[in-house]
Amino acid sequence: MTTETTWQDISLHDPSSPLQGDISTDVVVIGGGIAGTTTAYLLAKAGKKVVIVDKAHSIKDSVTAYTTAFLTRSVDTDFSDLRKRYGEENTKRILQSHEDAIDLLE
């Protein structure tokens, strides 16, 4: 049984074709995974011309296609260990960062 992720369902302009000729851009993002693509999206939204460069055959394939489950509200470290190591306020910030990442990507 093969299960496709939402990420794989996204249609992109043929990312497997190499760049032809010279191009002009403000920013080059190296890596077309979820982090690189989100970075490129936010930069483009802010008015920058962005190019994503990735060695994969298709930006949405490879590791990214199967790692969307890593966006989670939970952390794999016990909360008491986090509190001991980072304190109450920083532990709250750590947990909030997971929520913020999910909200941003949504």
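The values are calculated or read from the model by the stated rules, or taken from the named source; none is laboratory data. Owing to the predicted nature of the structure, the values given are computational and were not obtained by experimental measurement. Note that we place each Cβ from the backbone using ideal geometry, even for glycine, and neighbour counts take in every protein chain shown. Side chains are part of the model used for accessible areas, which takes the heavy atoms of the whole protein and leaves out ligands, DNA and RNA. Shrake-Rupley method; radii C 1.70, N 1.55, O 1.52, S 1.80 Å.
Are any residues in region 11-47 surrounded by 10 or more Cβ atoms within 10 Å (Cβ to Cβ), modelled with pLDDT of 90 or more, more than 22 Å from ASP103 (Cβ to Cβ) and not hydroxyl-bearing (Ser, Thr, Tyr), and if so, which ones?
ASP26, VAL27, VAL28
Restricting attention to region 48-83, and to residues there that are open to solvent by 90 Å² or more (accessible area, probe 1.4 Å) and in a loop (DSSP other than H, G, I, E, B), which single residue is modelled with the highest pLDDT? Before the answer, list the steps.
Of the residues in region 48-83, the ones open to solvent by 90 Å² or more (accessible area, probe 1.4 Å) are 48-49, 55, 57, 63, 66, 70, 73, 76, 79, 83.
When the remaining residues are screened for being in a loop (DSSP other than H, G, I, E, B), the result is 48-49, 55, 57, 63, 73, 76.
On the way: LYS48: 96, LYS49: 93, LYS55: 74, HIS57: 57, VAL63: 60, ARG73: 74, ASP76: 79.
So, considering only residues that are open to solvent by 90 Å² or more (accessible area, probe 1.4 Å) and in a loop (DSSP other than H, G, I, E, B), the one modelled with the highest pLDDT is LYS48.
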